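Single-structure report; data block below.
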Amino acid sequence: MNQAPFVYEAEYQRIGNWLQDRCGMVFPEKKRELLINRMLSVCDRHKIPDLHTLAERLVMGNDSDLLYAVIHAASTNHTYFFREPQVLNYFQDHILPNLPAEGARIWSAAASSGDEAYTLAIIAAEKRGMKWAKNRLAILGTDISGVVIAEAEKAVYGAMHIDKMPAQILPNYFDHVGDEHYQVKAEIRQLCTFRRLNLKNHPYPFQRNFHVVFCRNVLYYFDKPQQKQIIEAIYDVTEPGGWLLTSVTVSLRGLESRWQMIDNGIYRKPF
Ligand SMILES: C[S@@+](CC[C@H](N)C(=O)[O-])C[C@H]1O[C@@H](n2cnc3c(N)ncnc32)[C@H](O)[C@@H]1O
């Protein structure tokens, strides 16, 4: 049995506190071993002798490569195309048809490797036509991890990312680039831009508000007060009548937010 959690008690506390202060990520007791193992692998990769030294360097804060490596290692970046069809179907059937003809802005607020942003672009191209999407749609994907942002920009995916897509999507929207990998076609890539952004740092620095915000499978990193701050900060960068889509498994109940709940995972800002 792995004894690491007990050996590294002080380091777990320091690194855990650093992650919470800096990124809002909360690692409860049950995720202690996971965090320690991920940090041990950062030590291996960066030739750092032990977790104590890693914690010291984090707190000193002058090695930005290391800071971002820790943030990336602490995050679960798992994502895939057409994830959680329940929310996507709502987007496709009730939100997309009513987005302004003159143009719409969508934010994928924890984009990871871009699968969600490209999924939304593909759904929009399917339902409103490639011409509307090209001329009228802008999708921004952001994530705290620069590593996944670089992957999103490359837009090359293997089976684990694409095997839950409806059958016709692969031939229509991807190019085979060899070795069982596929790249999202340029015309879909052009609808999406990606930037690094820490959701904990609000108010968010956008010049124009969004019509739809997807913030899925990330809120569970934060404790309740921070979740509330984040969804309120998202509210402030959403157009009146705009939408927030979270994971169906994350309930905003009890957060006393200004969002109006429409269904599980589906919220609207009143006009
Ligand atoms: C599990 S992925 C979710 C991807 C996609 N939204 C989905 O539902 O499939 C969670 C992402 O949240 C990002 N993340 C974690 N903390 C963050 C923060 N403070 N600010 C921005 N992104 C964060 C992680 O880097 C990771 O890529």
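The values are calculated or read from the model by the stated rules, or taken from the named source; none is laboratory data. Note that the structure is predicted; figures quoted are calculated from it, not measured. Neighbour counts are summed over all protein chains in view; Cβ atoms, including those assigned to glycine, are modelled from backbone coordinates with ideal geometry.
Would you call H176 modelled with pLDDT of 95 or more and within 11 Å of the ligand (Cβ to nearest atom)? Give the derivation first.
On the way: modelled with pLDDT of 95 or more: yes; within 11 Å of the ligand (Cβ to nearest atom): no.
No.
Conditions tested, residue by residue: (1) in contact with a helix residue (DSSP H, G or I) (Cβ under 6 Å, 6 or more places away or on another chain); (2) within 28 Å of P203 (Cβ to Cβ); (3) within 14 Å of the ligand (Cβ to nearest atom).
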site	(1), (2), (3)
L99	no, yes, no
S108	yes, yes, yes
E116	no, yes, yes
T119	no, yes, yes
A152	no, yes, yes
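Which count do you get for residues in segment 72-89 that are more than 6 Å from the ligand (Cβ to nearest atom) and among the β-branched types (V, I, T)? Break it down into steps so the answer makes sense when it comes.
Step one: list which residues in segment 72-89 are more than 6 Å from the ligand (Cβ to nearest atom), which gives 72-74, 80-82, 84-89.
Subset that is among the β-branched types (V, I, T): 87.
Of the residues in that region, 1 qualify.
Within segment 116-135, can you find the residues that are in contact with a strand residue (DSSP E or B) (Cβ under 6 Å, 6 or more places away or on another chain) and aromatic (F, W, Y)?
Y118
Which one is nearest to the ligand (Cβ to nearest atom), of the residues in segment 35-71 that are within 20 Å of V148 (Cβ to Cβ) and of a type in the set (G, A, S)?
Of everything passing the filter in segment 35-71, A69 is nearest to the ligand (Cβ to nearest atom).
Might you let me know whether segment 131-154 holds any residue that is at pLDDT below 95, surrounded by 15 or more Cβ atoms within 10 Å (Cβ to Cβ) and outside any helix (DSSP H, G or I)?
Yes: segment 131-154 contains one or more residues that are at pLDDT below 95, surrounded by 15 or more Cβ atoms within 10 Å (Cβ to Cβ) and outside any helix (DSSP H, G or I).
State all residues of segment 54-97 that are β-branched (V, I, T), buried (at least 16 other Cβ atoms within 10 Å of the Cβ) and closer than 21 Å to F27 by Cβ; if no residue qualifies, say none. Before you say what the answer is, go through the steps one by one.
Just the residues of segment 54-97 that are β-branched (V, I, T), to begin with: 59, 70-71, 76, 79, 87, 95.
After this cut, where a residue has to be buried (at least 16 other Cβ atoms within 10 Å of the Cβ) as well, the list is 70-71, 79, 87, 95.
Across segment 54-97, the qualifying residues are V70, I71, T79.
Kindly check whether there is at least one residue in segment 189-198 that is touching an Asp or Glu at 6+ places or on another chain (Cβ under 9 Å), among the aliphatic types (A, V, I, L, M), within 20 Å of G141 (Cα to Cα) and at pLDDT 95 or above.
yes
For a quick check of your reading: which helices (runs of 4 or more DSSP H) sit entirely within segment 47-100 and have at least 1 residues that are within 30 Å of A125 (Cβ to Cβ) and assigned by TED's automatic domain parsing to the domain that holds L244? Show your work before the answer.
Numbers: elements: 51-60, 64-74, 85-90.
Counting at least 1 such residues, we get 85-90.
Looking at (1) crowded, with 16+ Cβ neighbours inside 10 Å; (2) touching a residue at least 40 places away in the same chain (Cβ under 8 Å); (3) in contact with a helix residue (DSSP H, G or I) (Cβ under 7 Å, 6 or more places away or on another chain); (4) not small (G, A, S), find the lone condition where Y182 falls short.
In the conditions (1) crowded, with 16+ Cβ neighbours inside 10 Å; (2) touching a residue at least 40 places away in the same chain (Cβ under 8 Å); (3) in contact with a helix residue (DSSP H, G or I) (Cβ under 7 Å, 6 or more places away or on another chain); (4) not small (G, A, S), Y182 misses (2) alone.
Being away from the ligand (no atom under 13 Å from the Cβ), closer than 14 Å to S251 by Cα and not assigned by TED's automatic domain parsing to the domain that holds N17: is that true of P205 here? Working first, answer last.
Details: away from the ligand (no atom under 13 Å from the Cβ): yes; closer than 14 Å to S251 by Cα: no; not assigned by TED's automatic domain parsing to the domain that holds N17: yes.
It is false that P205 is away from the ligand (no atom under 13 Å from the Cβ), closer than 14 Å to S251 by Cα and not assigned by TED's automatic domain parsing to the domain that holds N17.
From L191, L170, grab the single residue that is farther than 30 Å from L66 by Cβ, in contact with a helix residue (DSSP H, G or I) (Cβ under 8 Å, 6 or more places away or on another chain), surrounded by fewer than 22 Cβ atoms within 10 Å (Cβ to Cβ) and hydrophobic (A, V, I, L, M, F, W, C).
Working: L191 fails: surrounded by fewer than 22 Cβ atoms within 10 Å (Cβ to Cβ).
Being farther than 30 Å from L66 by Cβ, in contact with a helix residue (DSSP H, G or I) (Cβ under 8 Å, 6 or more places away or on another chain), surrounded by fewer than 22 Cβ atoms within 10 Å (Cβ to Cβ) and hydrophobic (A, V, I, L, M, F, W, C) holds for just one of L191, L170, which is L170.
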